[in-house]
Amino acid sequence: QVQLVESGGGLVQPGGSLRLSCAASRRIFSINALGWYRRAPGKQRELVARITSGGNTNYADSVRGRFTISRDSAKNTVYLQMNSLKPEDTAVYYCNFDTPGYNYWGQGTQVTVSS
């Protein structure tokens, strides 16, 4: 069974930056897409950013231009660089590996943007 381990969350002031990482416990040879989702208090989980196996990316309107998703296939790792953070970015962030036949999820990492 594959496990996804996230890191990089924490407390940051508005305007600050954080970089989230998500590594798979073993090599996954077939991936449709890698993604980051978030769930804010009292809200449903939403897509933040996604990158396909072909390298195409898409972002939520609320983060476009501030967040960047990237991957290191050799390390089975996906990253989310978050700049110009706002209080409304506060949420638990989850990584996702979308593979044929199964979706893997990380355990979630808390990001809090507050002064």
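The values are calculated or read from the model by the stated rules, or taken from the named source; none is laboratory data. Keep in mind that this is a model prediction, so the values were computed, not measured. Because the Cβ atoms are built from the backbone with ideal geometry, glycine has one as well, and the counts that use them run over all protein chains shown. Ligands, DNA and RNA are excluded from the accessible area calculation, which covers all protein heavy atoms including side chains. Shrake-Rupley method; radii C 1.70, N 1.55, O 1.52, S 1.80 Å.
Details
- Of the residues making up segment 66-90, just one is at positive phi and surrounded by 15 or more Cβ atoms within 10 Å (Cβ to Cβ), namely ASN76.
- Residues that are within 18 Å of GLN110 (Cβ to Cβ), touching a residue at least 12 places away in the same chain (Cβ under 8 Å) and open to solvent by 20 Å² or more (accessible area, probe 1.4 Å) within segment 44-61 comprise ARG45, GLU46, listed in sequence order.
- Qualifying residue in segment 75-89 (condition: among the β-branched types (Val, Ile, Thr) and in a loop (DSSP other than H, G, I, E, B)): no
- Test: GLU46 is of a type in the set (D, E, K, R) and either within 12 Å of the chain's Cα centre (by Cα) or at pLDDT below 95 (or both): yes
- Members of segment 31-42 found to be assigned to a loop (DSSP other than H, G, I, E, B) and either closer than 14 Å to GLY108 by Cβ or of a type in the set (A, V, I, L, M) (or both), listed by number: ILE31, ALA40, PRO41
- Number of the exception - ALA40 against (1) open to solvent by less than 70 Å² (accessible area, probe 1.4 Å); (2) within 13 Å of the chain's Cα centre (by Cα): (2)
- Restricting segment 84-113 to residues that are touching a residue at least 12 places away in the same chain (Cβ under 8 Å) and out of contact with any strand residue (DSSP E or B) (no Cβ under 7 Å at 6 or more places or on another chain), the residue that is nearest to LEU18 (Cα to Cα): SER84
- Counted residues, segment 24-46 - those being in contact with a Leu (Cβ under 8 Å, 6 or more places away or on another chain) and of a type in the set (Lys, Arg): 0
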